[in-house]
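Novice: Take this structure, written in structure tokens, and hold onto it; I'll ask about it next.
Every number in this text was worked out from the coordinates using simple rules, so none of it is lab data. All figures in this text were calculated on a predicted structure; none of them were measured in a lab. All Cβ positions, glycine included, derive from the backbone under ideal geometry; neighbour counts span all protein chains shown.
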Amino acid sequence: MVALSAAEVRFIQGGIAHDLRSDGRGRYHFRPFSIQSGVIPQANGSGRCKLGATDVIASVKAELGRPPAGRPNHGSLVISVECSPTAAPEFEGRGGEDLSLELQRALERSLLGGPNGAGAAIDLSSLHLLEGKVCWVLYIDTLVLSSDGNLLDALSIAIKAALSNTGIPKVEVLASTSADEDPELDVDNEESSPLDISQVPITITLTKVGRHYIVDATAEEESQMTAAVSVAVNRKGIVSGLTKRGGIGLDPSILADMISVARHVSQTLIPTVDAEIAASESRAAGS
Amino acid sequence: MSRAASTYAVPSYNATPDLSVKGVPPSLLSPEGSRLDGRLPHECRPAYMKTGAVNAAAGSAYAEFGQTKVIVSVYGPRESKKAQAFSDIGRLNCDVKFASFSTSVRGKASQGMEEKEYTGMLHKALECAVALHTFPKTTVDVFALILQSGGGDLAVVISCASMALADAGIVMYDLVPAVSLSCTGSEVLLDASMEEERWGDGGMIVAAMTSRNEITQLTMTGEWPSTKVSEALQLCLDACLKLAELMRSCLKEQVVAGGQ
């Protein structure tokens with residue numbers, strides 16, 4: 001838990017009201033962030049995002065599995081979040097579990113698309129191999145290494161970096177399998193194809209402190225929040241998921257404002273993230 | 001049970017259509033623009049609500065929205081558990097459970113996760129509506145049980161829980177009606193049934209304190225064109241407003257009936 005004196009609280013709230021936050025940022029400015037691609041050699045793809053002092057890792061493992069029920073022509077995504085107690089003492093035991101679940105559900109809402117798969121981050125039909133039998137299941141596992149606020153946005157950036165870094169092994173379905181048998185597959189780990197990540201959204205969390213709301217809140221600022229709204233927006237500005245957090249109600253008109261601010265911020269943030277991912281990938285390829 | 005039902009049609013008890021998970025997605029709207037269960041896109045399911053469903057509880061409520069059936073009981077305010085730290089405001093403890101027969105597949109693996117998520121979301125939806133400072137050092141327990149899952153479960157749980165809290169005499173700033181909505185193609189379907197939820201492009205849940213014009217809980221999933229977001233939100237808020245009236249009149253009826 002962040003412990004703040006009354007004077008510090010006033011300083012933070014006053015700064016936000018004057019559009020000049022404690023670290024010199026305006027209300028809608030992100031902290032500088034860095035992305036590292038390919039940090040986990042055992043995974044099919046991985047990425048690490050440092051946003052200020054927040055540090056998260058995402059890895060993608062592709063495994064062969066069964067298509068989801070009712071959608072024989074789709075693959076699936078599975079997301080998990082782990083907040084280890086090494087990152088912060090309050091993540092020990094139940095505290096970590098509750099936060100992990102909240103973050104995981106928010107990411108699922110933004111990345112998995114609707115019940116029929118519309119609006120998913122990855123075109124799920126591209127993960128399909130053999131109708132009703134075999135498909136790729138992408139396990140997106142994320143880990144919080146250090147927490148200084150705005151975990152959700154950092155996680156979404158790390159996931160995008162990991163997905164862009166992911167290679168799906170080439171699979172050949174060997175013919176001559178009858179309908180009831182499990183099909184024979186020839187997996188070629190040498191050759192792999194990249195995923196189409198053009199639809200992967202980035203989550204923008206707007207944190208309401210006092211009468212104003214800010215993006216990319218630090219842990220100190222988050223401790224003063226009344227409510228927060230996390231909006232997942234893709235490159236085209238389409239909203240693909242939304243989660244309200246915090247226990248205080250919001251006026252509908254403020255909420256509509258927050259969504260449009262999130263979309264606006266995303267249109268400058270997403271190109272920066274993409275450029276940063278491209279740069280880190282060329283670094284990883286060069287080394 | 002018939003008292004409160006007088007103004008609201010009790011849903012028909014036809015057998016649920018077979019919700020086998022395989023098969024092709026049905027078209028959710030007929031060419032004439034009516035839904036699978038005959039409703040119009042912006043029409044809610046028939047609702048029935050009743051307070052005082054559980055004798056032992058300080059307050060309780062039963063709600064039935066179409067095929068979704070939910071019971072909520074409220075205990076307290078009572079002494080907080082010894083292990084909990086001192087708190088000078090009250091605590092709201094929520095718990096949502098699915099009855100093992102509530103879904104077509106018994107005890108799905110994902111059910112435990114869903115229960116946990118619903119518990120958290122119910123707590124967030126209610127905590128700002130309850131005047132926690134009126135019962136310092138004590139806990140109010142809200143236990144919800146989904147008897148039959150038929151779509152929009154969480155929304156029904158939230159609405160029903162706020163009725164149960166009111167029935168228990170817990171001081172609240174407002175009732176918290178909640179409504180879910182499903183989006184399919186260019187249409188939004190209010191108060192979605194299970195099938196609409198399963199095959200839709202996206203979904204939304206809104207819980208609001210309507211007299212204070214405050215949204216207490218909101219989630220969206222799936223793909224939403226920007227113009228649809230505000231339309232859907234407004235639709236949900238309007239439905240919340242109507243649901244609030246229904247909940248209020250139901251509470252009043254119960255009080256009048258109890259006084260006689």
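Novice: Across the Cα atoms of region B:39-259, what radius of gyration and what greatest pairwise Cα-Cα distance (Dmax) are found, in Å?
Specialist: Expressed in Å, the Cα Rg and Dmax of region B:39-259 come to 17.1, 53.
Novice: Here's something else I'd like to know. Based on the mean of other Cβ atoms within 10 Å per residue, sort peptides B:39-46, A:120-127, A:46-53 so the most packed one is first.
Specialist: A:46-53, A:120-127, B:39-46
Novice: Using the Kyte-Doolittle scale, which helices in chain B average at least 0.0 and also have C-alpha atoms spread 20 Å or more along the helix axis, with helices defined as whole DSSP H runs?
Specialist: Qualifying helices: B:153-167, B:226-259.
Novice: Summarise the partner chain shielding of B:209-219 as one whole number: the mean count of Cβ atoms from other chains within 10 Å of each residue's Cβ.
Specialist: 5
Novice: A further question on this structure: Have a look at A:SER223, A:PRO271, A:ASN234 and report the one farthest towards the positive end of the charge dipole of region A:187-287, computed about the Cα centre with Cβ charges (Lys/Arg +1, Asp/Glu -1).
Specialist: Farthest along the dipole direction, towards plus: A:SER223.
Novice: Per residue of B:222-235, how many C-beta atoms from partner chains lie within 10 Å of its own C-beta, taken as a mean?
Specialist: Average per residue, whole number: 5.
Novice: Which residue fluctuates most in the GNM of chain A (Cα springs below 10 Å): A:GLU222, A:GLU97, A:GLU191?
Specialist: Judging by the Gaussian network model, the answer is A:GLU191.
Novice: Still on this model: Taking other Cβ within 10 Å of each residue's Cβ, how do B:LYS116, B:LYS242, B:LYS69 sort, fewest first?
Specialist: B:LYS242, B:LYS116, B:LYS69
Novice: Then there is this: Under a Cβ-only charge scheme (Lys and Arg +1, Asp and Glu -1), can you give me the dipole magnitude of the protein assembly as shown about the Cα centre, in debye to the nearest 20?
Specialist: Here the protein assembly as shown has a charge dipole of around 1520 debye.
Novice: I would also like to ask the following. Would you mind ranking B:GLU231, A:GLU221 by Cβ crowding within 10 Å, fewest neighbours first?
Specialist: B:GLU231, A:GLU221
Novice: Here's a follow-up. Label B:LYS242 and A:SER146 with points 7 Å out from Cα along Cα→Cβ: what is the distance between them in nm?
Specialist: Label-label distance for B:LYS242 and A:SER146, simple model: 5.4 nm.
Novice: Name the long-range amide H neighbours of B:PHE98: under 5 Å, sequence gap of 5 or more, or other chain; modelled H, no Pro or chain starts.
Specialist: Residues meeting the criterion, in which the H sits 1.01 Å from N, are B:ILE146.
Novice: Taking H placed 1.01 Å from N in the peptide plane, check which residues at least 5 places from B:GLU214 or on another chain put their amide H under 5 Å from its amide H.
Specialist: B:MET209
Novice: For A:ALA7 and A:ASP188, what is the calculated FRET efficiency with R₀ set at 51 Å and r taken between the beta-carbons, to the nearest 0.05?
Specialist: So the FRET efficiency works out to roughly 0.20.
Novice: Taking chain A as a Gaussian network, where each spring joins two C-alpha atoms under 10 Å apart, which residue of A:ILE12, A:ILE259, A:ILE270 fluctuates the most?
Specialist: Largest GNM mean-square fluctuation: A:ILE12.
Novice: In addition: Summarise the partner chain shielding of A:106-115 as one whole number: the mean count of Cβ atoms from other chains within 10 Å of each residue's Cβ.
Specialist: Mean number of neighbouring Cβ atoms from other chains: 5.
Novice: R0 = 41 Å: FRET efficiency of B:GLU79 with A:SER253, Cβ-based, nearest 0.05?
Specialist: 0.50
Novice: Let me have the relative contact order for chain B, percent, based on Cα pairs under 8 Å that are six or more residues apart.
Specialist: Relative contact order for chain B comes out at 20 percent.
Novice: Continuing with this model, one more query. Beyond 35 Å, what percent of the Cα pairs of region A:14-286 remain?
Specialist: More than 35 Å apart: 19 percent of the Cα pairs in region A:14-286.
Novice: Mind checking which of B:SER226, B:SER87, B:SER34 has the largest fluctuation in a GNM of chain B, springs on alpha carbons under 10 Å?
Specialist: B:SER226
Novice: Would you mind calculating the gained length between A:THR226 and A:ASN73 on full extension (0.36 nm times residue separation, minus the Cα-Cα distance), in nm to one decimal?
Specialist: Extra length available between A:THR226 and A:ASN73 comes to 50.8 nm.
Novice: Quick one: A:ARG283, B:ARG248, fewest Cβ neighbours within 10 Å first, how do they rank?
Specialist: A:ARG283, B:ARG248
Novice: A further question follows. Rounded to the nearest 0.05, what FRET efficiency do A:ASP23 and B:SER30 have when you use their Cβ-Cβ distance and R0 = 45 Å?
Specialist: After rounding, the FRET efficiency stands at 0.20.
Novice: Using a 7 Å offset from the Cα along the Cα-to-Cβ direction at both A:THR268 and A:HIS212, what is the distance between the two label points in nm, to one decimal?
Specialist: Once both label points are built, they end up 1.5 nm from each other.
Novice: Under the definition of Cα pairs under 8 Å and six or more residues apart, what whole-number percent is the relative contact order of region B:79-145?
Specialist: Computed over region B:79-145, the figure is 61 percent.
Novice: In nm, to one decimal, how far is the modelled label at B:SER211 from the one at A:GLU131, with both set 7 Å along Cα→Cβ?
Specialist: Those two pseudo-labels are separated by 5.8 nm.
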